[in-house]
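Remarks on the structure that follows.
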Amino acid sequence: MRVTVKLYATLGAWLPPGAVRNVAPFELPDGSSVAEAIERLGVPPGQVHLVLVNGQFVAPEARAGRRLAADDALALWPPVAGG
Amino acid sequence: MNDDDLLRYSRQIMLPEIDIEGQERLCAAHVLLVGLGGLGSPAAMYLAAAGVGRLTLVDFDRVDLSNLQRQIIHRTADIGRPKVESARDALLALNPGVTVTTVPHALQDEALAEAVRGADVVVDATDNLATRFALNAACVRARRPLVIGAAIRLEGQVMVVRPDRPDGACYRCLYRGDGEPDETCSQSGVLAPVVGIIGAMQAVEVIKLITGAGDTLDGRLLLLDARDMEWQEVRVPKHAHCPVCGVPA
């Protein structure tokens, strides 16, 4: 299945091929979880602080159980603490 | 309020959401503002201009040439001065009716707790997670509203923590881990107006908390991607076992 990933700030270093700015299509096995998608992207889990699926917050403890569907939009933010 | 005050704040008093009652609340309010950098600069200036009666400014740092691109409360002539002193002078020049207290060092433990207890609203305009966590914990313990802003590169975040409300998420409900790698503006860069946007939004939320106007961003995280100029709102649920505001697992 194909989902869309959007990686913010420093996480842009892990964008898959085909990215336009910080958005890229991403192929995943059907039924993949959010945690599996993050692992396949290669982003160190410690750097993923905010996970949104279709704009909805996915808590850290829910990442392994939250299944993605085709066309889902997965957005990942690192900690944003500057000011 | 005297005639000058009525004229100074007239454009705000004429708003039905503020009115004379809201303005009087602002004039009687005490805001603790931690961080006089990119976020704290616009937040402090708008709060002083809007007539918040007492501002306590906390920052251990001194003004550096590399700050001036975005920390708009400071001037070139202020380079080398403590940021809180530079900021105080700018705020009093803007509005001499405001009382400004300066704390030119970091606040920790009991000193931080006491400063938070003494404020009606706390503004997190700091630049690192460790300080943000400490401020969040102090606000949760003292049940003081906390207005959090953060920005880096072309991205920004705003959220309000309401520890006085039972179901309100805190900053630790959002960021769980310990010792996360920090990304600072000095290392990664930041576009000047992005901190301005976020800092100004923090001032809006503070004014609403004090006056009771509208709905604030309680447990709602606003995310700004200024590169594509997209805003996203994310509801942050309270984490039942949050180490700060939850019950132990």
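Only the coordinates and a few stated rules stand behind these numbers; no lab work does. From a predicted model like this one, the values you see are computed outputs, not experimental measurements. Note: ideal-geometry Cβ built from the backbone for every residue, glycine included; neighbour counts use all protein chains shown.
Worth a mention:
- Centre-to-centre, using Cα atoms only, region B:51-78 and region A:44-58 are separated by 33 Å.
- Sites residue B:94 and residue B:238, calculated FRET efficiency, Cβ-Cβ separation with R0 30 Å, nearest 0.05: 0.20
- Charge dipole (debye, nearest 20) of region B:3-235; +1 at Cβ of Lys and Arg, -1 at Cβ of Asp and Glu: 140
- Measuring max minus min along each principal axis, the C-alpha atoms of region A:2-77 give extents of 28, 24, 21 Å (largest first).
- Charge dipole (the protein assembly as shown, unit charges on Cβ, about Cα centre) - positive-most of B:210, B:133, A:51: A:51
- Using only side-chain charges placed at the Cβ, +1 for Lys and Arg and -1 for Asp and Glu, the dipole size of chain A relative to its Cα centre rounds to 160 debye.
- Of the DSSP H helices in chain B, those that are both long (alpha-carbon extent of 18 Å or more along the helix axis) and hydrophobic (Kyte-Doolittle mean at least 1.0) are B:192-211.
- Distance between modelled label sites at residue B:101 and residue A:13, nm, 7 Å Cα→Cβ extension: 4.3
- Relative to the current alpha-carbon distance between residue B:1 and residue B:227, full extension at 0.36 nm per residue lengthens the span by 77.0 nm.
- For region B:4-49, applying the loop criterion from DSSP together with a ceiling of 10 other beta carbons within 10 Å to the trypsin sites (Lys or Arg not before Pro) yields no site.
- Label-point separation in nm, residue B:19 to residue A:30, each point 7 Å along Cα→Cβ: 6.1
- Within the listed set B:159, B:229, B:201, the residue fluctuating most in the Gaussian network model of chain B (springs between alpha-carbon atoms under 10 angstrom) is B:229.
- Spatial separation of Cα centroids for region B:79-139 and region B:161-230, in angstrom: 17
- When you filter the trypsin sites (Lys or Arg not before Pro) in region B:126-219 for DSSP loop state and at most 16 other Cβ atoms inside 10 Å of their Cβ, you are left with B:143, B:176.
- Counting only DSSP H runs of at least 4 residues, each contributing -39500 (n - 2.57), and dividing by the residue count of chain A, the helix-based mean residue ellipticity at 222 nm comes to -2500 deg cm²/dmol.
- At an R0 of 45 angstrom, the distance between the Cβ atoms of residue A:64 and residue B:164 translates into a FRET efficiency of 0.85.
- Considering only B:185, B:200, B:115, the residue lying farthest towards the positive end of the dipole of chain B is B:115, judged by Cα position with unit charges set on Cβ.
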